[in-house]
Amino acid sequence: MLLLHCPLLLLLLPLGSRAQKFPTRDEELFQMQIRDKAFFHDSSVIPDGAEISSYLFRDTPKRYFFAVEEDNTPLAVTVTPCDAPLEWKLSVQELPEEASGESSGDPEPLEQQKQQITSEEGTELFSYKGNDVEYFVSSSSPSGLYQLDLLSTEKDTHFKVYATTTPESDQPYPELPYDPRIDVTSLGRTTVTLAWKPSPTASLLKQPIQYCIVINKEHNFKSLCAVEAKLSSDDAFMMAPKPGLDFSPFDFAHFGFPVDNNSGKERGFLKSSKFGRQMPSKPRVDLHKVCIENKNIFTVSDLKPDTQYYFDMFAVNTNTNMSTAYVGTFARTKEEAKQKTVELKDGKVTDVFIKRKGAKFLRFAPVSSHQKVTFSIHSCLDAVQIQVRRDGKLLLSQSVEGVRQFQLRGKAKAKYLIRLKGSKKGASMLKILATTRPNKQLFPSLPEDTRIKAFDKLRTCSSVTVAWLGTQERNKFCIYKREVDDSYSEEQKRREQNQCLGPDARKKSEKVLCKYFHSQNIQKAVTTETIRGLQPGKSYLLDVYVIGHGGHSVRYQSKLVKTRRFC
C-alpha cells in the first residue's frame with residue numbers, strides 16, 4: 001500500500017515533546033487530507049489517489065516520497081508537465097526496520113526515520129525527459145520507499161503528479177478510444193468541422209465526460225495543464241517566493257495555482273497576489289478553448305481564410321476534473337475566392353453591389369498623363385469603406401455615406417486600386433465615378449444636412465409646409481409625396497432609403513413640383529414649400545430629389561408627416 005506522510009505532523013513536530021513515527025496509510029485517517037488537495041501543495045509526500053499541483057524553480061530539483069508497505073502491490077505514477085519540459089526519475093529503496101524501542105512504546109523520531117531512509121540513493125525504476133504526459137505502471141511493485149525526483153532546466157514551471165496503489169479501480173483519467181485521432185471532416189474558408197470517437201469512460205462506464213477543444217495557430221498541446229498555463233493572462237509564477245524563503249504550503253493558493261474545491265468546474269489562475277509584486281499583463285494569446293459536453297462532432301467557425309490552425313481535444317472527467325489528450329491535428333483553411341477586379345473608365349459612372357460584410361475591388365488606369373484624379377462616390381444605402389492605393393501606396397481610407405468626392409494628386413502612368421467594403425448591417429449599393437478631368441462632376445453637390453424639416457404649426461387638414469437646405473450651386477429640386485398607413489414605421493422608412501433611386505422610379509401621380517434653387521450666401525440657402533391637396537388625418541412620406549447637370553439625382557432623407565384630423 002502507498003504510505004501517506006501527513007504534512008500536519010511535520011507542522012506540529014517542533015511543538016510536541018513526544019517523538020513521532022513515520023505514519024502508515026490509513027484510509028479513514030487521511031480521507032480528509034486527500035479531499036483537500038491544497039493540503040499537499042508544498043508537501044514532500046504524494047497522497048494516494050489524489051492529483052497534486054506543484055511548482056519548480058529552474059535548475060532547482062524537487063523530491064517527493066511515498067511508501068509501499070507490502071510486496072506485489074499495483075502501482076501507477078503519472079507526471080504531467082505544464083508549460084516546460086521536465087526531467088524526472090522514480091527510484092525505490094528498502095524501508096528501514098522498525099526500532100527496537102517500538103515494543104516499549106517509544107516510536108522512532110520521524111525526522112530520524114526520514115534521514116535514515118534518504119541517506120542512500122535507491123534503485124532507479126524509470127526516468128523520462130520531455131514535455132509529454134508520461135506514466136510508470138507496475139502490476140506488482142516491491143515494498144519500499146519510493147522517491148520521485150523532478151527538475152526543470154528550461155524555466156520556472158508548474159506540474160501535476162498523480163500516484164495510486166489501486167489503478168484498476170481508481171481510473172481518474174478518461175480512457176481514450178482505440179483510435180484517438182481527431183478527424184477533419186469538412187474544411188471551408190472560415191470553418192473547420194472536427195469529429196472524434198467517444199471515450200469508453202463515457203460510452204461504456206457511463207461516467208460524466210465533457211470534451212474540450214483547443215484552437216491556436218502555433219502548435220499542438222500535450223495536456224490541458226499546458227493549455228491553462230498558456231491561457232494565463234499574467235505571469236503568476238513570477239509572484240512565487242524565492243528558494244530558501246520561509247512560507248506556508250497554504251500560501252500557494254495566492255501564487256497563481258488553482259485550488260479546485262468544486263470538481264467539474266474549470267480550473268483557473270488567480271489574477272492577483274498580495275504577496276508578490278504586480279507584473280504587467282502579457283499580450284493576449286491567440287488561443288481559444290471550447291468545452292462541449294459529450295458531443296463528438298464540432299464545427300469551429302470565425303476562422304481566417306488561408307490560415308493554418310492546430311486543434312487539440314481533451315476528454316475531461318467532470319467528477320475528478322482530470323483529463324486525457326487525444327492526438328491533435330492541424331488544418332489550413334481554404335483561400336479567399338479571388339476577387340474579380342472591375343475596370344473603371346474615365347468619366348463614366350459604374351454601379352457596384354457588395355454583399356453584407358463583403359468587398360469589391362476596382363481598378364482605374366488613366367490613359368493619359370494627369371495632374372489630379374477625382375473619385376466621386378454615391379452610397380445608396382448604409383456607409384461603405386473606401387481605400388485607394390496608387391501603385392501599392394495607400395492614399396485614402398475613409399467611410400462614405402451619401403455623396404462624397406475625393407481629389408488626389410496624379411502621377412504619370414499611375415494605376416489606382418480601389419477597395420470597397422460593405423456594411424455589416426446588410427448589402428451595399430453605390431455608384432462610383434473616376435475621372436482625370438477636374439470639371440467633370442456628375443453628382444450634384446449636397447449640403448451637410450440633408451434632412452427635410454416639417455413645420456408643425458403650419459400643418460392643416462389638407463396641407464403641410466416643409467423646408468430643406470440647398471447649396472451655392474444652382475440645381476433642380478423635385479418633391480414627391482406618397483400616402484402610407486398609420487403603422488408605417490421609421491424602420492420601414494430606413495429599409496426603403498435607397499438614395500440611388502431617382503424620380504424616374506416614381507409614379508407621376510406622386511410628383512408635387514420641381515424648381516431650381518441656389519443661394520450665393522450659404523447661410524441663406526434654405527427653401528420652403530407647402531404641399532396642398534392632402535387628406536385629413538392621413539400620413540405621407542415626402543422625398544426631395546436634387547438633380548445634377550449630368551442627370552444623376554440624389555435623394556434627401558425621407559420625411560414622414562401627418563395632416564391634422566380636425567380643423
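Figures for the structure shown
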| read-out | value |
| --- | --- |
| Which listed residue, of LYS411, LYS421, LYS431, LYS453, is touching a His at 6+ places or on another chain (Cβ under 7 Å) and open to solvent by 10 Å² or more (accessible area, probe 1.4 Å) | LYS431 |
| Condition check for LEU95: within 23 Å of PRO172 (Cβ to Cβ) and either outside any helix (DSSP H, G or I) or modelled with pLDDT of 85 or more (or both) | no |
| Residue check for LYS217: closer than 19 Å to PHE298 by Cβ, surrounded by 13 or more Cβ atoms within 10 Å (Cβ to Cβ), at pLDDT 50 or above and basic (Lys, Arg) | yes |
| Within segment 413-480, strands (runs of 3 or more DSSP E) holding 2 or more residues that are modelled with pLDDT of 90 or more, hydrophobic (A, V, I, L, M, F, W, C) and in contact with a helix residue (DSSP H, G or I) (Cβ under 8 Å, 6 or more places away or on another chain) | none |
| Count of segment 308-319 residues which are crowded, with 21+ Cβ neighbours inside 10 Å and over 17 Å from ILE297 (Cβ atoms) | 2 |
| Criterion violated by PHE136 - all others in (1) modelled with pLDDT under 90; (2) open to solvent by less than 40 Å² (accessible area, probe 1.4 Å) satisfied | (1) |
| Only listed residue being in contact with an Asp or Glu (Cβ under 9 Å, 6 or more places away or on another chain), open to solvent by 30 Å² or more (accessible area, probe 1.4 Å) and modelled with pLDDT of 85 or more, chosen from VAL512, VAL526 | VAL512 |
| Candidate set: segment 325-342, residues that are in a strand (DSSP E or B) and touching a Phe, Trp or Tyr at 6+ places or on another chain (Cβ under 8 Å); chosen: the one surrounded by the most Cβ atoms within 10 Å (Cβ to Cβ) | ALA325 |
| Tally of residues being touching a Leu at 6+ places or on another chain (Cβ under 9 Å) and farther than 19 Å from LEU442 by Cβ across segment 397-413 | 1 |
| Residue that is farthest from ASP485 (Cα to Cα) [pool: residues in segment 532-567 that are open to solvent by 60 Å² or more (accessible area, probe 1.4 Å) and over 53 Å from the mean Cα position of the chain (by Cα)] | CYS567 |
| Identity of the residue in segment 55-77, of a type in the set (D, E, K, R) and in contact with a strand residue (DSSP E or B) (Cβ under 7 Å, 6 or more places away or on another chain), that ends up least open to solvent (accessible area, probe 1.4 Å) | LYS62 |
| Checklist (1) modelled with pLDDT under 90; (2) in contact with a Gly (Cβ under 9 Å, 6 or more places away or on another chain) applied to PHE311, failing item | (1) |
| Where a residue in segment 168-182 is assigned by the TED database to the domain that holds PRO208 and in a strand (DSSP E or B) and its partner, wherever it lies, is basic (Lys, Arg) and open to solvent by 50 Å² or more (accessible area, probe 1.4 Å), with Cβ under 9 Å and at least six apart | ARG181/LYS197 |
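Rundown of residues vs (1) touching a Ser or Thr at 6+ places or on another chain (Cβ under 8 Å); (2) part of a strand (DSSP E or B); (3) not assigned by the TED database to the domain that holds THR190, yes/no style:
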| site | (1), (2), (3) |
| --- | --- |
| ASP302 | yes, no, no |
| ASP306 | yes, no, no |
| TYR310 | yes, yes, no |
| SER323 | yes, yes, no |
| GLY347 | yes, no, yes |
| PRO366 | yes, no, yes |
| SER369 | no, no, yes |
| THR374 | yes, yes, yes |
| LEU381 | yes, no, yes |
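The values are calculated or read from the model by the stated rules, or taken from the named source; none is laboratory data. What you see is a predicted model; the values in this text were computed from it and never measured. Backbone-built Cβ (ideal geometry, glycine too); neighbour counts: all protein chains shown. We work out accessible area using only protein heavy atoms, side chains counted, and drop any ligands, DNA or RNA first. Shrake-Rupley method; radii C 1.70, N 1.55, O 1.52, S 1.80 Å.
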